[in-house]
Amino acid sequence: MSYAWIRWIFNKPLKNEQKIARNLQTEQVKIDASNVESVPSEELNIDQKSLYTEELESAFFSWLLDSPIPPPTIEAKHVNNTELDDKKRKLLKFIKHDLKDSILIPRQPSSLPMLIKLLNDENSSHTQISKILLSDPALMSQILKTANSSFFRRSSDDVESIEQAVFILGRQGIRNIISSTIMLPMLKGDGSKEGPFSQRAWKWATFSATASHWYAQVKGRDPGPLYLLGLLPSLAYLVIYRTLLGYEKTHPELGEIEPYLIKSIIHHQSWKLCHDICKQWGLPSSCETYLLEAEESTLDAVFSPLRDGIILGQHKLLQSQSGSPLQDNQLVNITCASMNTNLKVLERMKRKNDD
């Protein structure tokens, strides 16, 4: 089976990046200092940045797993014992074996190849794209809903036609909606334990994908595959979580898997699973580059939109739910982006959340 269609949507450069920016954002967002907290002028040292990162990650996993999980520095004092270490080794052995045999890799999406082809054909018209969208009611509904959101809408009149929505959102905007449409069925969980986790993972996915997109857009880069890549970590988390729940049934001697172990195994294996998904789906090499950059980037890196999108996604999600341990002015100190870039992305995220 050919994977060419998925390369078409995410790998082909568009002719005019400024046109994309105008389609997605017809006027530049003005930063209002009263809406975004001021950023401290004093630089944090590496230990302070690491502490902020650990606090955010622990708070995020506590919310994701619906169970209190302390930061690693505190965690080790309470949960480090021989029994749990043995259990972790067994679970890692199981999951590494399944990853090696590609058992855990979701099948690559096979929908919408004609629409993708049209999106990457610079000679295709909005009418041609609209006709394909009209054949998919769910996708059509989501596109109209997005076009009518306050973020994109420029008048009091409703956007009622698909062709008008395509013009307003632009090709990159349509790509992003397609990414969500492709991923959502995969992130729907079954069962009493998996269901709530899946719902939380999907909420994080949309925050991370949007933030990753904006970090590239604000820097004047073609966002390309970043929206899709911003969704991938949540998919990897869900696949690993689902697999661990399965081990509770197939290996009852292990007993219930503790939240601390779930977090540890996700942290240990999620990036590898993201790389494996990219490979199995035939995604372009730029996706692998972004993943490596996000996985390996240090706190002093200059540009890492996927890593920053994931971090900001966790922070803004927690703010909208149980509350983040960080303020905006603390968060910007642990991203790779500049102060100005962070402020612009935060303002765009705020506008989106207000929709």
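Against the test of being over 18 Å from Ala236 (Cβ atoms), assigned to a helix (DSSP H, G or I) and not small (Gly, Ala, Ser), the options Gln280, Gln314, Gln319 yield a single qualifying residue, Gln319.
Checking each residue in the stretch 215-241 for being modelled with pLDDT of 90 or more and in contact with a Gly (Cβ under 8 Å, 6 or more places away or on another chain) picks out Tyr215, Gly230, Leu238. Within the stretch 234-249, residues that are without any contact (Cβ under 8 Å) to a residue 24 or more places away in the chain sit with their Cβ atoms under 8 Å from residues that are among the acidic types (Asp, Glu), at 6+ positions apart or across chains, in these pairs: Glu248/Glu256. Beta carbons closer than 6 Å, at least 6 apart along the sequence or on distinct chains, pair a first residue in the stretch 156-180 that is farther than 26 Å from Ala201 by Cα with a second that is assigned to a helix (DSSP H, G or I) and among the small types (Gly, Ala, Ser) for Val159/Ala147; Val159/Ala165; Ile162/Ser130; Glu163/Ser130; Ala165/Ala147; Val166/Ser130; Ile168/Ala147. If you filter the stretch 75-114 down to residues that are among the basic types (Lys, Arg) and modelled with pLDDT under 85, you find that the one that is surrounded by the most Cβ atoms within 10 Å (Cβ to Cβ) is Lys100.
Does the stretch 273-289 include one or more residues that are among the charged types (D, E, K, R), farther than 23 Å from Ile174 by Cα and either in contact with a helix residue (DSSP H, G or I) (Cβ under 7 Å, 6 or more places away or on another chain) or surrounded by 22 or more Cβ atoms within 10 Å (Cβ to Cβ) (or both)? Yes - at least one qualifying residue is present in the stretch 273-289.
The values are calculated or read from the model by the stated rules, or taken from the named source; none is laboratory data. Given the structure is predicted, the values throughout are model-derived calculations rather than measurements. Heads up, the Cβs are rebuilt from the backbone with ideal geometry, glycines too, and the neighbour counts pull from every protein chain shown.
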